[in-house]
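The values are calculated or read from the model by the stated rules, or taken from the named source; none is laboratory data. These figures come from a predicted structure and were not determined experimentally. Neighbour counts run over all protein chains shown; Cβ positions are idealised from the backbone, glycine included.
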């Protein structure tokens, strides 16, 4: 049992900071829990894409004043689209966090791999499961709304005409940085111990991060920050405009995730300084 440390008028719990996981851990391949986690990531990403892309397409059809006779002010609006993405992430992270960690995003997985919180083997397999889940989720959307799916662009991410590739890439980098930084902060064991007197529900800030990033970047790129989301739509929609700047929705999120991992681990948590201090204090052999 960890000792309680009195700070002010409350007792902050002691904590144990888990060490880095092995870079390559083949033992995971022999455990059912590993495959259960893959299934959880697959299903969660499938559900995420199904609900969110369907929301995007329905919003576009409801506001189409020409083909559908819709009302430009009808539908859920861009605010509702952002809530769909953020709300689904909140729900799915809440449901799967205890099974797979609730990544549902290759960029999040990549950041955790760089921070040595997830092994390379698990990270690669997670990304494969997420991408397959995204493709299947968008496939369901197409099956449900085949006519609307083609007419309204399949919910594909694409750079808006008024913005340069540099602006689009920057939006994806910063947006993913906000998300992955929030993931690290919300799941930090030190924070959970220090603020033990305050109930912390990690999926809530993560969902809000997705929500606010969508509000900022939907007009620029449609908001990727999740390579599986962009890939799933591009594969099923399979039109040139979905592939034109597709690289941006992988490069941007991976750079953003790497920067967030570095910032949290080596600046905020000073992992490099701690490692150097431990090395210097070790007795000579």
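Among the conditions (1) over 21 Å from residue 182 (Cβ atoms); (2) not in a helix (DSSP H, G or I), residue 60 misses just one, which is (2). Among the numbered conditions (1) in contact with a helix residue (DSSP H, G or I) (Cβ under 8 Å, 6 or more places away or on another chain); (2) under 29 Å from residue 30 (Cα atoms); (3) touching a residue at least 60 places away in the same chain (Cβ under 8 Å), the only one that residue 87 does not meet is (2).
Kindly indicate whether residue 80 is at pLDDT 90 or above and in a loop (DSSP other than H, G, I, E, B).
Working: at pLDDT 90 or above: yes; in a loop (DSSP other than H, G, I, E, B): no.
The answer is no for residue 80.
The rows are residues; the columns are (1) in contact with a strand residue (DSSP E or B) (Cβ under 9 Å, 6 or more places away or on another chain); (2) surrounded by fewer than 17 Cβ atoms within 10 Å (Cβ to Cβ); (3) without any contact (Cβ under 8 Å) to a residue 12 or more places away in the chain.
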| site | (1), (2), (3) |
| --- | --- |
| 147 | no, yes, yes |
| 159 | no, no, no |
| 184 | no, no, no |
| 189 | no, yes, no |
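In segment 101-115, what residues are at pLDDT 95 or above and not in a helix (DSSP H, G or I)? Answer for segment 101-115, where residues must be at pLDDT 95 or above and not in a helix (DSSP H, G or I): 103, 104, 105.
Yes/no per residue for (1) in contact with a strand residue (DSSP E or B) (Cβ under 9 Å, 6 or more places away or on another chain); (2) buried (at least 16 other Cβ atoms within 10 Å of the Cβ); (3) closer than 16 Å to residue 86 by Cα; (4) modelled with pLDDT under 95:
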{"residue": "201", "(1), (2), (3), (4)": "no, no, yes, yes"}
{"residue": "209", "(1), (2), (3), (4)": "no, yes, yes, no"}
{"residue": "225", "(1), (2), (3), (4)": "no, yes, yes, no"}
{"residue": "229", "(1), (2), (3), (4)": "no, yes, yes, no"}
{"residue": "232", "(1), (2), (3), (4)": "no, yes, no, no"}
{"residue": "238", "(1), (2), (3), (4)": "no, no, no, yes"}
{"residue": "248", "(1), (2), (3), (4)": "no, yes, no, no"}
{"residue": "255", "(1), (2), (3), (4)": "no, yes, no, no"}
{"residue": "259", "(1), (2), (3), (4)": "no, yes, no, no"}
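Suppose we filter 124, 138, 118 for residues that are part of a loop (DSSP other than H, G, I, E, B) and either modelled with pLDDT under 95 or within 28 Å of residue 99 (Cβ to Cβ) (or both); which single one remains?
The unique qualifying residue is 118.
Out of all the residues in segment 43-60, which are touching a helix residue (DSSP H, G or I) at 6+ places or on another chain (Cβ under 6 Å) and either within 16 Å of residue 236 (Cα to Cα) or at pLDDT 95 or above (or both)? Of everything in segment 43-60, those that are touching a helix residue (DSSP H, G or I) at 6+ places or on another chain (Cβ under 6 Å) and either within 16 Å of residue 236 (Cα to Cα) or at pLDDT 95 or above (or both) turn out to be 44, 45, 46, 48, 49, 50, 51, 52, 53, 54, 56, 57.
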